[in-house]
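Reading through the structure tokens given below for one structure.
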Amino acid sequence: MKIYRKYILSLGLISCLIGQGCKKEFFNRPPESALTLDNFYQNADQVRSSTNGLYNAPWFNWNNQASWAITELYGGNARTYSSDVVNFGKFAVTGDNIVLSNGWNSLFTVVAQSNALINNLKNNVPASVPVAIVNNALGEAHLMRGLAYFYLVRVWGNLPIIENSLNYVDNYQINTNPVSDVYKFIVNDLKFAESNCTPMVRNGSSQAQGHVSSGSATALLAKVYLYMGDYTNARICAEKVINSGEFKLYGVDVAGKSYNDLFKTANNNNEESVIAIQWLGGSSYGHGNSLQASFAYNSTITGTGDGYAAIGPSVDLQQTYEPGDQRIYGTIMLAGAKYPELTQANGGFTVPADVNAQDTRAAIKKYVVGTPADNGGLGAQFSAGNNTYLMRYADVLLIEAEAVLAGTTSTSDPAALIPFNKVRLRAGLNALPAITQANILHERRVEFAIEGDYWFDLYRMDGWNGIIANQHPKAIALISNQERGIYSADKPPLVYSQKFIPTNANFVFPYPAAELAQNPKLNQAPVPYVFK
């Protein structure tokens with residue numbers, strides 16, 4: 001099928017409510033529905049629901065494998081023998097890798113569905129619907145499009161910027177635009193979202209909080225500015241979010257909660273959640289969260305026949321945690337640890353002494369939530385109901401610290417130390433009197449391990465100029481010393497070492513072969529984008 005044609009979707013399909021279980025194929029082919037733009041969005045509730053689809057199925061193939069293969073295997077937080085993703089851990093991924101292709105398709109589907117709303121919603125809503133409701137929906141669509149492009153540009157570099165997918169149904173050979181233009185486009189989208197999404201103050205956990213807000217846009221904008229080396233604007237945005245009081249840190253601002261509680265289904269859309277994919281446990285394939293299926297150590301934990309331990313936590317990640325860091329319990333299963341929230345009918349799950357996912361003498365805990373009975377009766381194979389975080393408030397706090405540091409050697413400025421140490425104290429660690437860039441990178445690694453972020457932190461280690469020129473000496477030096485080997489069966493286990501040395505070329509992934517075959521212009525020099 002021609003490039004981008006498979007992403008053209010009607011607003012009627014986009015608006016399928018998460019709870020109504022829209023069929024997976026509806027998100028991957030042109031519509032045959034009789035719904036038209038002129039008769040669908042006739043009241044405020046329909047306009048509010050128009051964005052629901054942007055939080056679910058379009059993200060599935062990114063979430064399913066691509067996100068963690070790229071960020072955790074490539075980044076060195078995980079290892080595997082699985083043939084479909086093993087090359088991600090070896091810096092040997094080629095354009096014909098189906099997981100890579102699925103990630104591209106998924107993210108461009110988010111772009112296309114967002115475009116459909118942006119280009120058509122406003123002109124097809126009656127005047128009886130309040131303007132603020134229409135603008136909020138448009139803001140959500142701009143945020144999701146900006147977020148999808150933020151993932152795309154960090155993986156593939158130069159990209160075609162597409163503002164109206166219908167323009168490319170027949171003209172599908174299109175040049176890429178340079179990385180700098182893609183980032184500018186993302187910033188513009190997020191500024192629109194910031195101005196048009198409804199403000200929110202989050203309390204407890206609720207379905208309404210599953211939608212993004214003006215504060216969500218500001219938080220993501222802070223992160224984008226950080227990548228661009230614009231510390232001034234990153235700090236302004238981070239402080240705007242912090243001072244708003246919209247989000248709270250679990251276990252610090254929200255008493256009685258812990259880091260591990262963040263990843264329980266019952267706590268979906270909690271006060272720390274900035275942006276999250278909304279999954280429906282037990283729904284058809286493509287609408288529930290499949291991470292547990294890949295991560296869980298065995299099927300006893302899931303109760304649904306999956307639980308393949310497709311990755312294990314790397315030796316390098318395990319050795320990164322400081323003594324007493326409570327986050328390891330919520331991220332990595334170590335022998336003897338007990339999780340009362342898993343297999344509750346059997347009194348909880350105790351990690352066996354011989355745990356050994358992918359020869360790591362451990363297993364993944366994060367995003368593993370247990371049986372359907374552990375989750376209110378909801379769940380099925382490849383279909384858990386826990387959200388996938390795309391951004392948490394802890395990220396905003398660490399962005400603030402890094403923006404204050406602003407590329408200098410170290411800082412003891414309270415503006416950096418207070419948010420930085422707030423994250424550490426939640427983890428049960430001591431506060432630091434001064435911090436460096438290395439401290440921040442370490443903190444980000446253990447805070448967001450197995451959440452699809454670490455590779456991107458490595459990608460930006462050499463700054464904005466490193467991103468633009470694709471030169472990554474600092475990151476290459478760090479990665480070359482990562483331990484990507486395995487533990488032996490000895491007691492205590494020995495490390496059978498394996499290390500890889502990436503090149504600058506490894507910091508931009510190849511375009512999917514099928515896309516390149518249909519659009520050879522992907523490999524041509526990028527052309528400047530003409531901004532409206």
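Only the coordinates and a few stated rules stand behind these numbers; no lab work does. Please read all numbers here as calculations on a predicted model, not as lab measurements. Backbone-built Cβ (ideal geometry, glycine too); neighbour counts: all protein chains shown.
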Practice task
Evaluate the distance, in nm, between pseudo-label points positioned 7 Å from the Cα of residue 84 and of residue 514 along their respective Cα→Cβ axes.
Solution key: 1.3
Exercise for the section: With everything on Cα atoms, drop me the angle between helix 131-156 and the longest principal axis of the chain, reported from 0 to 90° to the nearest 10. Expected result: 50
Handout entry: Whole-Å semi-axes of segment 398-532's equivalent ellipsoid (Cα gyration tensor)
Key = 32, 26, 13
Problem - Whether the chain is rounded, prolate or oblate, judged on the alpha carbon gyration tensor where a/c under 1.5 counts as rounded - result: rounded
Practice task
Would you mind checking the tilt of helix 179-196 against the longest principal axis of the Cα atoms of the chain, expressed as 0 to 90 degrees and rounded to 10?
Solution key: 70
Completion exercise
Where a ≥ b ≥ c are root eigenvalues of the Cα gyration tensor, a/c under 1.5 meaning rounded, otherwise prolate if a/b exceeds b/c and oblate otherwise, segment 429-506 counts as oblate
Practice task
Let me have the 222 nm mean residue ellipticity of the chain computed from DSSP H runs of 4+ only, each contributing -39500 (n - 2.57), with the sum over all residues rounded to the nearest 500.
Solution key: -10500 deg cm²/dmol
Problem - Efficiency of FRET from Cβ geometry, residue 124 and residue 497, R₀ 51 Å, rounded to 0.05 - result: 0.25
Fill in the blank from the handout: If 211, 442 are placed from fewest to most neighbouring beta carbons inside 10 Å, the sequence is 442, 211
Problem - Added length on full extension, which subtracts the Cα-Cα distance from 0.36 nm per residue, residue 92 to residue 409 - result: 110.7 nm
Completion exercise
For segment 291-386 the mean separation of alpha carbon contacts under 8 Å (6+ apart) over residue count, i.e. relative contact order in percent, is 35
Exercise for the section: Could you grab the relative contact order for segment 33-114? Cα pairs under 8 Å, six or more apart, rounded to a whole percent. Expected result: 34
Exercise for the section: Evaluate E = 1/(1 + (r/R0)^6) for residue 488 and residue 334, where r is the Cβ-Cβ distance and R0 equals 25 Å; express this FRET efficiency to the nearest 0.05. Expected result: 0.90
Handout entry: Over the chain, relative contact order from alpha-carbon pairs under 8 Å, at least 6 apart, %
Key = 18
Handout entry: FRET E, pair residue 373, residue 191, Förster distance 56 Å, beta-carbon r, rounded to 0.05
Key = 0.80
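Fully extended, how many nm does the chain gain between residue 236 and residue 284 (0.36 nm per residue separation, minus their Cα-Cα distance)?
Length gained, residue 236 through residue 284: 13.1 nm.
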Exercise for the section: Using only Cα atoms, find the angle between the long axis of helix 414-426 and the longest principal axis of the chain, and express it within 0 to 90 degrees, rounded to the nearest 10. Expected result: 70
Completion exercise
In order over segment 494-505: 3J(HN,Hα) from phi, Karplus 6.51/-1.76/1.60, θ = phi - 60°, whole Hz, x for each Gly or Pro, gives 9, 9, 8, 6, 8, 10, 10, 10, x, 10, 4, 4
Problem - Longest segment of the chain lacking GluC sites (Glu not before Pro) that sit in a DSSP loop with at most 16 other Cβ atoms within 10 Å - result: 164-532
Exercise for the section: Using 0.36 nm per residue of separation minus the Cα-Cα distance, give me the extension gain between residue 131 and residue 243 in nm, one decimal. Expected result: 37.6 nm
